[in-house]
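Undergrad: Let me begin by handing over the structure; questions about it come next.
Derivation of every value follows stated rules applied to the coordinates shown; laboratory data play no part. Since the structure is predicted, the reported quantities are computational estimates derived from the model, not experimental observations. Positions of Cβ are generated from backbone atoms using ideal geometry, with glycine treated the same way; all protein chains shown enter the neighbour counts.
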Amino acid sequence: MKNIRVGIPRALLYYRYADAWKTFIEELGYEVITSPETTAGILKDGIKKSVGDLCLPVKTFLGHVESLKDSVDFLFIPRYISVEHDAYMCPKILGLPDVVRACFTNLPRIIDPMFNIKKDKDNTITEFSRQVARILSLEPEAVEKSFIKNSGAGYMNEQEEYSLTDKKINVGLIGRPYLLFDRYLGKNLFRTLSELGANPVYIQPSENEITEAMTVIPKWVYWSMGKEVTASAHAFFKDDKIDGIINICSATCGPDSFTGDLIRKRLNTRNKPYMTLSVDEHASDTGIQTRVEAFVDMIGKVIV
Amino acid sequence: MTSLKGEELKGYLGIDVGSVTTKVVLIDYDGSVLWNSYRRTMGQPIRALQSAFSSLKKDLGGVDIRGVGATGSGRKLADHIAGADRVKNEITAHAVSAIHLLPNVRTIVEIGGQDSKLILIRNGVVTDFSMNTVCAAGTGSFLEHQAARLGISIGELGSYALRSASPARIAGRCTVFAESDMIHKQQMGHNLEDIVAGLCDALARNYLNNLARGKDLSSPIIFQGGVAANPGIKAAFEREINKEFIIPGHYPIMGAIGAALLVRDTKDTRFKGLSVSEQRLYTSSFYCSDCPNTCGVIEINDSEKVIARWGDSCGKWANMEE
Ligand code: SF4
Ligand code: SF4
């Protein structure tokens, strides 16, 4: 019998939940197909498909949908509304399945279960699994069991091993994982920095670090990833071993301009070099390269 | 390279290949400019560089070039063609030359043909910078285009602006708006002087909004880059923030000077010699289809031989031995 294939676009929350999703779906007996890494072509397709005012990562997501849609039986695009009781995902992520439906005709069926802790905390997973089960005609209990079993797996990216060194210039990187770890969108910052002799550092802040950062910032951040970005920034500004911080964000992202503002206003950004790199589809690679080089020079205090 | 008549001229070469202009300077160890050239890139950076080299040879005869620094958006190309000892980004290069000129400089405003920069300096080191490469509304190309539309030369722009008694208020957020607003003001009967002065104000305001927001522009402020040629812009900036803008004598070539200053301690230069101006160099490019990245790979060819390649993300073309 031919395998039934479920496609997962390599964009947005993929960079957080990929491993959990993959093992979960495979355990249900399906073959998982993921789209390749973002390329100029994928982004171009995504831009072609977009309607209205979409941010760069969502446009990219559409490009990944395009590259998958004709070779899979289902697309897995869950609707993540909230993953913790006091914060939401960005509105563009909440509406993702709808955006995809609006931008394409002839799509395979979309598996779009809702994950919303704020609605009914104790039954979130049950409800999520029930919706998956309904679309795939499976037993809800089996789906739930498999989801719980696999939900611990995060997205393991090769860059996560980037940590502090004693010798080199350490540059803390903050930003949404789907920008930072998408090598095309994120302009390969990790590699660029290493080539310049600097050491890129990335952290996934713990619950405690997030809570601590939120006490420093009088205004609570209501977006899950925005909270993480702010908390990493806070941790990096405090850490003496971090010589400078680069915040990579999407030029047209509402939540990012909000968190960017908070970081500038509430954290002591003057105590070390801090730079925001805002990327969009027009950002030239040379321009980014020039800024990163100049930033590393600035930390190294290049003088004549 | 030995010269027949006594001591040969020694110097350090700075090359700044930008998208609009290509600048080459020769300085001595103390940083004094011995020779310089400023020409349009015209989409042909190799040609621009080669012609600069041949005029250097013509003007000075034999020169002992002890080091070469390259900067500008075409710095890699310049390196591949001429052989550079250091390849530096424009921000650092501009900062280096401004600090060399005025050690206590605190702010550098640089506006070139296609981009603009703001660099903050404290105690002789860069502490912050911003750079605008996306929006054309604050750059030389924009000014030039508008001057042409108004039927005056770019060189006259400044004197027109300075003659204005009450600059027209032009929306400067973006090139398209500024242009339609200027047309509107013309139709309303504002005189040319006021419109040109308004245009200068718009450019200055646009620069300050885009690059300087929340930043402390403290004096001394150095204003460099091609646009500093225009006294109307200097006046507009001074009006806007009420501080003096100092324009160095070599304002259009400060990036190249910075690149040259950085190589003054070179031991054995990688410079390939001024004769590269006689080589039959041309670039070509192709898209690699070996993986989904489809990188645009650029090649420099000398006659039929490929002498350099770059643009590939994986490095397989750049490192290929011919
Ligand atoms: S947080 Fe920003 S970048 Fe992410 S999906 Fe929302 S708008 Fe787009
Ligand atoms: S040059 Fe390398 S990275 Fe680029 S398309 Fe070819 S194989 Fe892929």
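Undergrad: Near the amide H of B:ASP64, under 5 Å away, which other amide H atoms are found, from residues 5 or more places off or on another chain, if H is placed in the peptide plane?
TA: Residues meeting the amide H criterion: B:LEU9, B:LYS10, B:GLY11.
Undergrad: Where a ≥ b ≥ c are the square roots of the eigenvalues of the C-alpha gyration tensor, would you call segment B:24-106 rounded, which needs a/c under 1.5, or, failing that, prolate if a/b is larger than b/c, or oblate?
TA: Details: a/c = 1.82, a/b = 1.28, b/c = 1.42.
Oblate shape, in that a/c is at least 1.5 and b/c is the bigger or equal ratio.
Undergrad: Quick one: compute the contact order of chain A, relative version, from alpha carbon pairs under 8 angstrom and 6+ residues apart, as a percent.
TA: Values: 505 pairs, mean separation 52.8, N = 304.
The normalised contact order for chain A reaches 17 percent.
Undergrad: Any idea what the relative contact order of chain B is, in percent, if you count C-alpha pairs under 8 Å spaced at least 6 apart? Don't jump to the answer; show the numbers that get you there.
TA: On the way: 678 pairs, mean separation 67.3, N = 322.
It comes to 21 percent, rounded to a whole number.
Undergrad: What FRET efficiency comes out for A:LYS301 versus B:GLU278 if R0 is 56 angstrom and r is the Cβ-Cβ distance? Round to the nearest 0.05.
TA: Values: r = 41 Å, r/R0 = 0.73.
Step by step, r from the Cβ atoms, then E = 0.85.
Undergrad: Turning to a different aspect of this structure: Return the long-range amide H neighbours of B:LEU217 (sequence gap of 5 or more, or a different chain), with a cut-off of under 5 Å between placed amide H atoms.
TA: Distant-sequence amide H within range of B:LEU217: zero hits.
Undergrad: Multiply the residue gap between B:CYS288 and B:LEU102 by 0.36 nm, knock off their C-alpha separation, and tell me the result in nm, one decimal place. Write down the numbers at each step before the final one.
TA: Working: separation 186, 0.36 × 186 = 66.96 nm, distance 4.72 nm.
That works out to 62.2 nm of additional length.
Undergrad: Another question, then. Compare B:MET42, B:MET131, B:MET254 in a GNM of chain B, Cα atoms joined below 10 Å, and give the one with the largest fluctuation.
TA: Maximum fluctuation in the GNM of chain B, among the listed residues, is at B:MET42.
Undergrad: For a footprinting-style exposure proxy, rank B:THR71, A:THR192, B:THR127, B:THR92 by other Cβ within 10 Å, fewest first.
TA: On the way: B:THR71 33, A:THR192 18, B:THR127 14, B:THR92 28.
By the 10 Å Cβ count, ascending, the order reads B:THR127, A:THR192, B:THR92, B:THR71.
Undergrad: Right, something else. Tell me which lysines have Cα within less than 27 Å of A:LYS238's Cα, excluding those fewer than 8 residues away on the same chain?
TA: By straight Cα distance, A:LYS238 reaches A:LYS167, A:LYS168, A:LYS187, A:LYS219, A:LYS227, A:LYS265, A:LYS272, A:LYS301, B:LYS215.
Undergrad: Follow-up question, since we're still on this one. Out of the trypsin sites (Lys or Arg not before Pro) in segment A:206-278, which ones are loop residues according to DSSP with at most 16 other C-beta atoms within 10 Å?
TA: Numbers: sites: A:LYS219, A:LYS227, A:LYS238, A:LYS241, A:ARG264, A:LYS265, A:ARG266, A:ARG270; in loops: A:LYS219, A:LYS241, A:ARG270.
Those satisfying the criteria are A:LYS219, A:LYS241, A:ARG270.
Undergrad: Per residue of the protein assembly as shown, what 222 nm ellipticity follows from adding -39500 (n - 2.57) for every DSSP H run with n ≥ 4, rounded to the nearest 500? Don't skip to the answer; put the middle values down first.
TA: Working: 22 runs with 246 residues, N = 626.
Computed ellipticity for the protein assembly as shown at 222 nm equals -12000 deg cm²/dmol.
Undergrad: Also, I was wondering about something else. Straight-line reach from A:LYS22: which aspartates and glutamates have Cα under 14 Å away, leaving out those fewer than 8 places along the same chain?
TA: Result set, ordered by chain and number: A:GLU31.
Undergrad: Once segment A:183-246 is represented by equal point scatterers at the alpha-carbon sites, with solvent omitted, what log10 I(q)/I(0) does the Debye formula produce at q = 0.20 Å⁻¹?
TA: Listed by q, the Debye log ratios stand at -0.85.
Undergrad: For chain A, what percent of Cα pairs sit more than 26 Å apart? If you can, show how the numbers build up before the last one.
TA: Values: 21887 of 46056 pairs.
The proportion of pairs with Cα distances above 26 Å equals 48 percent.
Undergrad: Take every DSSP beta bridge whose two residues both sit in chain A, then give the antiparallel share in percent to the nearest 5. Could you put the intermediate results ahead of the total?
TA: Values: 1 of 29 bridges.
Here the share of antiparallel DSSP bridges comes out near 5 percent.
Undergrad: If the convex hull of the alpha-carbon atoms of segment A:1-104 is projected onto planes in all directions, what is the mean projected area in square nanometres? Numbers along the way, then the final one.
TA: Values: hull surface 28.1 nm².
So the Cα hull casts an average projection of 7.0 nm².
Undergrad: Let me ask another. What whole number of Å gives the distance from the Cα centroid of segment B:49-82 to the Cα centroid of segment B:278-322?
TA: Measuring centre to centre over Cα atoms gives 22 Å.
Undergrad: Please work out the C-alpha center-to-center distance from segment A:166-243 to segment B:221-265 and express it in whole Å.
TA: A separation of 35 Å, based on Cα centres.
Undergrad: Going Cα to Cα from B:LYS88, which aspartates and glutamates come in below 16 Å? Please leave out same-chain ones fewer than 8 positions away.
TA: Result set, ordered by chain and number: A:GLU195, A:ASP285, A:GLU293, A:ASP297, B:ASP16, B:ASP79, B:ASP265.
Undergrad: With the crude spin-label approximation of a point 7 Å out along Cα→Cβ, what separation in nm comes out for B:ALA318 versus A:ARG270?
TA: Using points 7 Å along Cα→Cβ, the separation is 3.9 nm.
Undergrad: Taking amide H positions as placed 1.01 Å from N in the peptide plane, with prolines and chain starts having none, which residues 5 or more places from A:TYR80, or on another chain, fall under 5 Å of its amide H?
TA: A:PHE115
Undergrad: Give a quick list of chymotrypsin sites (Phe, Trp or Tyr not before Pro) in segment B:6-84 that DSSP marks as loop, anything other than H, G, I, E or B, with at most 14 other Cβ atoms within 10 Å.
TA: Values: sites: B:TYR12, B:TYR29, B:TRP35, B:TYR38, B:PHE53; in loops: B:TYR29.
Within segment B:6-84, the qualifying chymotrypsin sites (Phe, Trp or Tyr not before Pro) (loop, at most 14 other Cβ atoms within 10 Å) are B:TYR29.
Undergrad: So, with +1 on the Cβ of K and R and -1 on the Cβ of D and E, and no other charges, what is the size of the charge dipole of the protein assembly as shown about its Cα centre, to the nearest 20 debye? Walk me through the intermediate numbers first.
TA: Numbers: 73 positive and 74 negative charges, 191 e Å.
Using only the charged Cβ atoms, the result is roughly 920 debye.
Undergrad: Express in whole angstrom the spacing between the alpha-carbon centres of segment A:16-74 and segment B:141-166.
TA: After rounding, the separation between the Cα centres reads 50 Å.
Undergrad: Of all beta bridges DSSP finds with both residues in segment B:103-247, what is the antiparallel percent, to the nearest 5?
TA: Around 65 percent of the beta bridges assigned by DSSP in segment B:103-247 are antiparallel ones.
Undergrad: For a quick size check, give me the Cα extents of the protein assembly as shown along its three principal axes, largest first, whole Å.
TA: Largest first, the protein assembly as shown extends 93, 63, 49 Å along its Cα principal axes.
Undergrad: At 7 Å along Cα-to-Cβ for each site, give me the label-to-label distance between B:ASN301 and A:ASP240 in nm.
TA: 5.9
Undergrad: For B:ARG213 and A:GLU139, what does the FRET efficiency come to when R0 = 56 Å and r is the distance between their Cβ atoms, rounded to the nearest 0.05? Don't jump to the answer; show the numbers that get you there.
TA: Working: r = 58 Å, r/R0 = 1.03.
Between B:ARG213 and A:GLU139 the formula returns 0.45.
Undergrad: As an exercise, use a Förster radius of 51 Å and the Cβ-Cβ distance of B:GLU240 and A:ARG5 to find the FRET efficiency, rounded to the nearest 0.05.
TA: The calculated FRET efficiency here is 0.25.
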